[in-house]
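The values are calculated or read from the model by the stated rules, or taken from the named source; none is laboratory data. It should be emphasised that the depicted structure is a prediction, and the values quoted were computed from it without experimental measurement. Positions of Cβ are backbone-derived with ideal geometry, glycine not excepted, and every protein chain shown enters the neighbour counts.
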Amino acid sequence: MRSMREALAGFRRTPLLCVLSIGAIGLSLVILGLFGLVAHNIGGAIGDVERRVEVVGYLLDDAGSEKVRAARRELEALPAVESVRYVSKDEALERARRDLVEFSDVYGELRVNPLPASFHLRLREGFRTPETVSETAGTLAAYPFVEEARFGDEWVERLFALRSAATGIALALGGGFALIAVLLIVTTVRMAILARGEEIEIMQIVGAREGYIQRPFLLEGAVTGLAGGLLALGVTRLAYVVFPIRFAAIESLAWLPHLWTAAGVAAAALLGLLAAAYSVHREVGRAYGPS
Amino acid sequence: MISLRGVSKAYPRSGDALRGVSFRLRKGEFAFLTGPSGAGKSTVLELIHFQTRPTEGEVQVSRYNSRRVRRRDIPALRRRVGFVFQDFKLLERLTAAENVAFALEVIGTPRREIAGRVQRLLSQVGLAARHRSRPSELSGGERQRVAVARALATEPRILLADEPTGNLDPDAAGGVFELFRMLNRLGTAVLMATHDADFVRRHPDIRRLELEDGRLARDSAA
């Protein structure tokens, strides 16, 4: 209660500095929030495409149905494999007639079905790396009755590189802006401590406990971070509503998941707390000597 | 009660402040710590208040030893050792009563007890009538009395005073000194640093610890 009172008194004592700090932290986090919004949507789009990654094995016509069933069971048991779909020759033809309307005449006049039966393997999340896809294709191709296994290796690798780059940029930008926010809070709390230097000195002289002196500043840092986080959330939401962005194949941007926004605001408050703890430890802790 | 054994203190920039200082101050004793400016008087007081630690030797205050003291024990030690400064260190925006109340509040005195204790403390230093005055409205002597009242808020057994009469005229200085003597008669040990040799000479009954260039040059009790 006293800590909260003192923290609020700190805001009243240097209102301009506090508003500037919250604004600056908010701005840093807005940029992070907007990037998060884009990253979330890129991630979603990549995830959609990744889920469609298939390893397809085309079977020879003389593959016996017993062998095919046994192979299917073996493939389903592979740890990387999420599902195995068997497309018979008749289904393949039916699908070709349906999907390739411009060739419907050609397919309609066929006496012999030229299309092979096939296995379509989907991989589990976390196994959709170029290496695992390639390895699974190799396993499939090893069956003597599999004529050919395909998986679009080039674009799987590109997709994976794109995802890695997006993650790297998100981490670098996130870390950069978090660092800016931390530096701002460290400075704000240091200014607050300097503004109350006389009081702190007297508290230390008469025997106040370290925590008693430090708590209001820690709270001030956490509240500054929280306020900056909420400001950033509000501005990001406003930008999302006012400027509906469209890019690439994404029709319209999806808003961030609630967990992300809650975690973002909580992380801002935590950053504020940690930054204040650093400042307080440096400025106040000295008077108590080595720990 | 206070014991310094072979204490040396060196600062990275300014070099040696104290060299091999040893003395004891017993319970309820009064002593002057004298010497010219820069002799190391303030450093001795800071060491006893555990604001700094010796480079060599050890400081013992009650049960607290500078070699073994834990960081979290320092506030408790400081509540036993009151400190009065030459420049008073009062908060200008607070009244005399609020300055004393501030000290009581930060050591966790229950709120309902604070007003009564502030009144008693200000009465003890003869300032009950000026409790609503701010430091800027008080004379130097009165400000020092408020500072003493604040130092007494924690009911210390030891009172350290760093040039407490340095900014006061002779009358005010005499008044503050008499206050220290009265507190000492009530059982508080007092260690008063001063460079005013005339003032010290006027009180030959009081023990004198004389520092010169960081060494204890004379101890009148020895």
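Listed by first and then second residue, the pairs linking a residue in region A:251-274 that is in contact (Cβ under 8 Å) with a residue 60 or more places away in the chain to a residue that is among the basic types (Lys, Arg) and part of a loop (DSSP other than H, G, I, E, B), with Cβ atoms under 8 Å apart and 6 or more places separating them unless they lie on different chains, are A:Leu253/A:Arg246.
Among the residues of region B:85-95, those that are within 15 Å of B:Ala147 (Cβ to Cβ) and more than 7 Å from every other protein chain (Cβ to nearest Cβ) comprise B:Phe85, B:Gln86, B:Asp87, B:Phe88, B:Leu90, B:Glu92, B:Leu94, B:Thr95.
Residues checked against (1) more than 21 Å from A:Leu256 (Cβ to Cβ); (2) at pLDDT 85 or above; (3) surrounded by 15 or more Cβ atoms within 10 Å (Cβ to Cβ):
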{"residue": "A:Val156", "(1), (2), (3)": "yes, no, yes"}
{"residue": "A:Phe160", "(1), (2), (3)": "yes, no, yes"}
{"residue": "A:Gly176", "(1), (2), (3)": "no, no, no"}
{"residue": "A:Gln214", "(1), (2), (3)": "yes, yes, yes"}
{"residue": "A:Phe217", "(1), (2), (3)": "yes, yes, yes"}
{"residue": "A:Leu230", "(1), (2), (3)": "no, yes, yes"}
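Considering region B:139-168, and only residues there that are touching a Gly at 6+ places or on another chain (Cβ under 7 Å) and not hydrophobic (A, V, I, L, M, F, W, C), the residue that is nearest to B:Asp198 (Cα to Cα) turns out to be B:Asn167. Any idea which of B:Gly57, B:Gly15, B:Gly35, B:Gly40 is surrounded by fewer than 16 Cβ atoms within 10 Å (Cβ to Cβ) and away from chain A (no Cβ under 13 Å)? On inspection, the qualifying residue turns out to be B:Gly15.
Only one of the listed residues (B:Thr95, B:Thr165) is touching a Phe, Trp or Tyr at 6+ places or on another chain (Cβ under 8 Å) and hydroxyl-bearing (Ser, Thr, Tyr). That residue is B:Thr165.
On the basis of being assigned by TED's automatic domain parsing to the domain that holds A:Pro257 and under 21 Å from A:Arg128 (Cα atoms), does A:Ile42 make the cut?
The answer is yes for A:Ile42.
B:Asn99 meets the conditions (1) without any contact (Cβ under 8 Å) to a residue 24 or more places away in the chain; (2) within 10 Å of chain A (Cβ to nearest Cβ); (3) surrounded by 20 or more Cβ atoms within 10 Å (Cβ to Cβ); (4) not charged (D, E, K, R) in every case but one. The failed one is (1).
Of the helices (runs of 4 or more DSSP H) lying entirely inside region A:42-114, those carrying at least 3 residues that are under 24 Å from A:Val146 (Cβ atoms) and of a type in the set (D, E, K, R) are A:65-76, A:89-99. Of all residue pairs spaced 6 or more apart or on separate chains, those with beta-carbon atoms under 6 Å, a first member in region A:208-220 that is within 14 Å of another protein chain (Cβ to nearest Cβ) and a second member that is of a type in the set (D, E, K, R) are A:Pro216/A:Glu6.
A single member of A:Arg190, A:Arg237 is among the charged types (D, E, K, R) and in contact (Cβ under 8 Å) with a residue 24 or more places away in the chain, and it is A:Arg190. Restricting attention to region B:144-163, which residues are more than 14 Å from every other protein chain (Cβ to nearest Cβ) and at negative phi? Correct list: B:Gln144, B:Arg145.
Just one of A:Glu147, A:Glu199, A:Glu135, A:Glu157 is acidic (Asp, Glu) and within 14 Å of chain B (Cβ to nearest Cβ); which is it?
Result: A:Glu199 is the single residue among A:Glu147, A:Glu199, A:Glu135, A:Glu157 that is acidic (Asp, Glu) and within 14 Å of chain B (Cβ to nearest Cβ).
Any chance region B:61-84 includes a residue that's more than 14 Å from chain A (Cβ to nearest Cβ) and either over 24 Å from B:Asn184 (Cα atoms) or in contact with a strand residue (DSSP E or B) (Cβ under 6 Å, 6 or more places away or on another chain) (or both)? The answer is no; no qualifying residue exists.
Among the residues making up region B:165-220, those that are in contact (Cβ under 8 Å) with a residue 40 or more places away in the chain, hydrophobic (A, V, I, L, M, F, W, C) and not in a helix (DSSP H, G or I) are B:Ala189, B:Val190, B:Leu191, B:Met192, B:Ala193, B:Ile206, B:Leu209, B:Leu211, B:Leu216, B:Ala217. Looking at (1) closer than 29 Å to B:Val106 by Cβ; (2) part of a helix (DSSP H, G or I), which is the one condition that is false for A:Leu173? Among (1) closer than 29 Å to B:Val106 by Cβ; (2) part of a helix (DSSP H, G or I), the lone unmet condition for A:Leu173 is (1). Tell me whether region B:121-132 contains one or more residues that are more than 10 Å from chain A (Cβ to nearest Cβ), modelled with pLDDT of 95 or more, more than 26 Å from B:Leu191 (Cβ to Cβ) and in contact with a helix residue (DSSP H, G or I) (Cβ under 6 Å, 6 or more places away or on another chain). The answer is no, given that none of the residues of region B:121-132 is more than 10 Å from chain A (Cβ to nearest Cβ), modelled with pLDDT of 95 or more, more than 26 Å from B:Leu191 (Cβ to Cβ) and in contact with a helix residue (DSSP H, G or I) (Cβ under 6 Å, 6 or more places away or on another chain).
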